[in-house]
Amino acid sequence: MDKKRIRLLVSFTLLFLGISGPAPTSGATKKFELVAKQQDLVIGEGVVFKAMTFNGTLPGPMLVVDEGDTVEITVRNEDTVTHGLSVHAANAQTSLVVGNLAAGQSKTLTFQADFPGVFMYHCAPGGHGIMTHTMGGMFGMIVVEPKQKYKLEEQLGKKPDLKVYVAQHEIYANGRDFFDGKPLYVMFNGYNFRYVKEPIPVRPGDYVRFYYLNVGPNLTSTFHAVGGVWEYIYYGGNPNNVMAGTQSVLSGPTDSWVVDWRVPAEGPFTLVSHAFGTQAIKGAIGVLNSSKGAPRVAEVRSEGPDLKAPEKPKRIVAPFEVGSSDLDRPVRFQRGDRVLIQMVGNSFWPKVAEIPVGTEVTWINEEVFDLLDGERTGQHNAVVIKGPGAFATPMLAHADKFTLKLTKPGEYEYFCTVHPYMKGRIRVYK
């Protein structure tokens, strides 16, 4: 008797005896490892992002399984702070298994891929940390291929000539901008204008399938091909959710689609989020370069590029600490000014303050989610790391304030002891 028949017989026997058992599975077991670590990533020409990552890229590894598969994902935390994992393809409470994962810990999540489609995974230590770590770069795409065929594949009797996996996502210079939904860059697969610099080759008549995911974490996108009409679109990537003949797909954060399209002619076709001012102009543009003699490419994956950081970057984007001075411009206060430093999005704002000697400084916590503890909370303090003197605020919850006077000139570097990557500076001048 084969294994499938044995599983079915065991299940029926348990039901007859009134004992509930696990449902029989029919797929294979697919295993993956996601490693949480901080990494400096190149996200544009000479532009470096100080990121939190899975496996050192942004987006992280692309995970592809089949409907009905058993999926095992091991999360290993090589960072110095707590991380976790939320997998949107799992119809289960994943945070109970792989949430709040301390530095050095490793845990494994197992689930069955019951629903086909395009899903997001992201870091989920819990609470406030879910939001800030996702903003910091810890996310990726998981695709559950369906048992049934997509409509165009069924009509044509063949698989796509090219599969393009696209994760659209935002980069923020600081927690204040993240809080307000004002990204510095918006990009496809981890690099500004990545597929403008390296156009995707296709041929006229090619059957192309896009697996599109809007990671967000804030903006709503409209994915469109200039010069084309999407033949079939499937909301969530589920073949049962089919529509035909649309100019774009509308996607809020975590929304996804599978798009089936045949390239109508030669020439470049621009892929774009049609939210021009907030997204396309900030990096969310790519090119499909169609020509008769184009080289064959089977797939374009969603992982971010693994590029060597330049010795002298022209810009460092550091959402939680002080980056390049063109982004984290010092705010200079004059005598008599009120000096207010916000704690928001796991960063201090302004990150660099210049104040006259003898000035009072007030920190205020603007994080609304001040529940839980450790990495999961939005509570913060400010404690000197180095400088001409020492200071330490108490732990501040939402809307709490603390004021002190700085009387010694010089530069103070300080951090939050709960979120030690969260750093700011105060320069006290005479």
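For this structure, a couple of remarks:
- Test for G21: is it part of a loop (DSSP other than H, G, I, E, B), modelled with pLDDT of 95 or more and open to solvent by less than 50 Å² (accessible area, probe 1.4 Å): no
- Candidate set: region 250-303, residues that are farther than 19 Å from G227 by Cα and acidic (D, E); chosen: the one nearest to the chain's Cα centre (by Cα): E303
- The residues of region 176-185 that are of a type in the set (D, E, K, R) and not in a helix (DSSP H, G or I) amount to a single one, K182.
- Residues in region 397-419 that are charged (D, E, K, R) and out of contact with any Pro (no Cβ under 6 Å at 6 or more places or on another chain): D400, K401, K405, E411, E413.
- Check on V202, under 22 Å from G293 (Cβ atoms) and crowded, with 20+ Cβ neighbours inside 10 Å: yes
- Listed by position, the strands (runs of 3 or more DSSP E) inside region 341-414 whose residues that are within 33 Å of the chain's Cα centre (by Cα) and surrounded by fewer than 19 Cβ atoms within 10 Å (Cβ to Cβ) number at least 3 are 383-386.
- Counting the residues of region 220-250 that are over 20 Å from P146 (Cβ atoms), of a type in the set (A, V, I, L, M) and open to solvent by less than 30 Å² (accessible area, probe 1.4 Å) gives 1.
- Among residues of region 251-273, those that are open to solvent by 10 Å² or more (accessible area, probe 1.4 Å) and of a type in the set (G, A, S), counted: 3
- Of all residues in region 154-175, at least one satisfies being hydroxyl-bearing (S, T, Y), open to solvent by less than 30 Å² (accessible area, probe 1.4 Å), in a strand (DSSP E or B) and closer than 30 Å to R315 by Cα.
The values are calculated or read from the model by the stated rules, or taken from the named source; none is laboratory data. Since the model is a prediction, treat every value here as computed from it, not as a measurement. All Cβ positions, glycine included, derive from the backbone under ideal geometry; neighbour counts span all protein chains shown. Calculation scope for accessible area: heavy atoms of the full protein, side chains included, ligands and nucleic acids excluded. Shrake-Rupley method; radii C 1.70, N 1.55, O 1.52, S 1.80 Å.
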